[in-house]
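Please treat every number below as a calculation from the coordinates, not as lab data. Keep in mind that what you see is a predicted model, and the values were worked out from it rather than measured. No Cβ is skipped: glycine too gets one built from the backbone with ideal geometry, and neighbour counts run over all protein chains shown.
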Amino acid sequence: MASFKNPRASRPHLRTVSITGVGSYVPEKILSNLDLEKIVETTDSWIFSRTGIRERRLAAENEAASDLATKAAMRAIADAKLTPDQIDLIIVATITPDMQFPSTACLVQQKLGAKRAAAFDIEAACSGFVYALDIGAHFVQSHTYNTVLVIGAEKMSSVIDWTDRSTCVLFGDGAGAAVLQNRPSAHGLLTTCLGADGGKATLLEVPAGGSRQPASSSTVSDRLHYLRMDGKETFKNAVNAMVTAAEEAMSRCELTVERIRCIIPHQANQRILSAVTERLGAREDQVFVNLDRYGNTSAASVAIALDEAVREGRIKRGDLVLMVVFGAGLTWGAAIIEW
Ligand code: UT7
C-alpha cells in the first residue's frame with residue numbers, strides 16, 4: 001500500500017500516466033562567465049555570487065529550437081524503447097519557436113518521422129514543461145492517446161539582448177523531453193497544480209513581434225524583440241509562487257517534504273532555489289541543481305534536469321519526485337510523480 005494519497009484514484013475511469021522515457025540535449029558551444037566579461041561590463045564573481053551560474057550553452061547559428069527539441073526527443077523515445085512511429089501526440093513548450101507559425105511541434109514531427117503524431121505548441125515560458133506535462137497526461141488518462149511526447153525546447157540566445165548585462169548573463173539554450181504512457185503497475189503522475197497571473201505580464205516579456213507590435217524598423221531599432229525583465233520583482237514572485245505551488249501539490253497527496261526523494265525546481269537563480277528549499281523545509285541534498293552549467297533554459301530547464309537526475313541515479317523506480325516551476329506570464333506550477 002502506498003503511504004500517500006493519490007488524488008487521481010477517486011476517478012477510476014482515468015488511466016494512470018507514467019514517464020516511461022526521458023532525454024535531453026544541450027548544444028556543444030559553452031559560453032563561460034569569463035567569455036561574458038568580454039561582451040558586457042560584468043565579472044565572473046558577480047554572476048556566480050548573484051546567480052550560481054558558471055556557464056551556459058549556445059546553439060549554433062543554424063540550430064533552431066526544433067533541432068534541439070528533436071535531439072532531446074530522439075533520446076527520450078529510445079529511452080522508452082519506442083520508435084517515432086509509435087508517438088500519437090507531440091507537445092512542444094517553447095517561447096523561442098523556429099518561427100511564428102507553423103508550430104515547432106510540427107517541425108519536430110517531420111524531423112522525427114513521427115508520421116502518426118498530432119502536434120502543437122504551448123507557451124507558458126519557464127513553466128512550459130510542467131504545463132505541457134499536465135496537458136499531455138490528460139490525453140493518456142482519458143484514453144485518447146497511448147503515447148505522448150512532451151518537449152521543452154529553447155534557443156534563448158535568439159531573444160537575448162547581448163548589450164543588457166542584467167539579462168544576458170542568465171539564459172542558455174537546450175531541450176529536454178519525456179514520453180508519457182500508461183504503466184498499469186505504477187501510480188505515475190499523482191497531481192499537478194498550475195497557476196497564472198496575467199496582471200504581472202510586463203515583469204518579463206519580449207514586447208514586439210506579435211500582433212500588438214508587429215515587427216517594423218522602429219521595433220528593431222528600439223530593441224523591442226529582446227527579452228526584458230524586472231529581475232527583483234520577478235525574483236520575489238518566483239519564490240512565493242514556487243513555494244505555494246509545491247505546498248499545494250504535497251498537501252493534495254498528503255505528503256510532507258521529507259518523503260520527496262528528488263525536487264526538480266526551475267533553474268533560474270541559486271538564490272531562488274535556496275530560498276525555496278529553506279521555505280519548504282527541504283534538505284539541500286533533495287534538490288537537483290544544474291544551473292551552474294546551463295543557466296536558465298526556460299521551458300527546457302526542468303526537462304533537462306529531470307533527465308540528468310534520472311541518469312545520475314538520483315531518481316529510481318518508486319521514488320517520489322516534485323517538479324516546481326515559475327516563469328513569465330506570470331505562470332507557475334508543481335507536479336508530483338511516483339517514478
Ligand atoms: O525564469 C523566469 C524567472 N526568472 C527569474 O526568476 C530571475 C529573477 N531575478 C534574478 O535572478 C535577479 O534579480 C537577477 C540575477 C536578475 C539580478 O540580481 P539582483 O541581486 O536582483 O541585482 P539587481 O538587479 O538589484 O542589481 C544590483 C546591481 C545593480 O547595480 P547598482 O544599481 O546597485 O549600481 C546592477 O546594475 O548589480 C548590477 N548588475 C550587474 N553587475 C555586474 C546587474 N547585472 C549585472 C551584471 N554584472 N551582469
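Values for this structure:
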read-out: For the stretch 7-185: relative contact order, % (alpha-carbon pairs under 8 angstrom, 6 or more apart); value: 34 percent
read-out: Positive minus negative residues near Ala64 (Lys, Arg vs Asp, Glu; Cβ under 15 Å); value: -2
read-out: Under-5 Å amide H pairs with Asn296, H placed in peptide plane, nonlocal only; value: Phe171, Gly172
read-out: Acute angle (nearest 10 degrees) that the helix 270-280 long axis makes with the longest principal axis of the chain, alpha-carbon atoms; value: 30 degrees
read-out: Degrees between helix 301-311 axis and first principal axis of the chain (Cα, 0 to 90, nearest 10); value: 50 degrees
read-out: Kirkwood hydrodynamic radius of the stretch 129-170, from inverse mean 1/r over distinct Cα pairs, in Å; value: 12.8 Å
read-out: Ordering of 231-240, 29-38 by burial proxy (mean other Cβ atoms within 10 Å per residue, highest first); value: 231-240, 29-38
read-out: Helix 65-79 axis, angle to the chain major axis (alpha carbon atoms, nearest 10°); value: 30 degrees
read-out: Principal semi-axes in Å for the chain [√(5λ), Cα gyration tensor, largest first]; value: 30, 24, 18
read-out: Length-normalised contact order for the stretch 166-251 - Cα pairs under 8 Å, 6+ apart - percent; value: 33 percent
read-out: Among the listed pairs Lys5/Lys232; Lys71/Lys316; Lys155/Lys200; Lys38/Lys111, those beyond 26 Å (Cα-Cα); value: Lys5/Lys232; Lys38/Lys111
read-out: Whole-Hz couplings from phi, Karplus 6.51/-1.76/1.60, listed for the stretch 219-236; x for Gly and Pro; value: 5, 5, 5, 8, 6, 7, 9, 9, 5, 10, 8, 8, x, 5, 5, 4, 4, 4
read-out: Antiparallel DSSP beta bridges within the chain, as percent of all bridges there, nearest 5; value: 70 percent
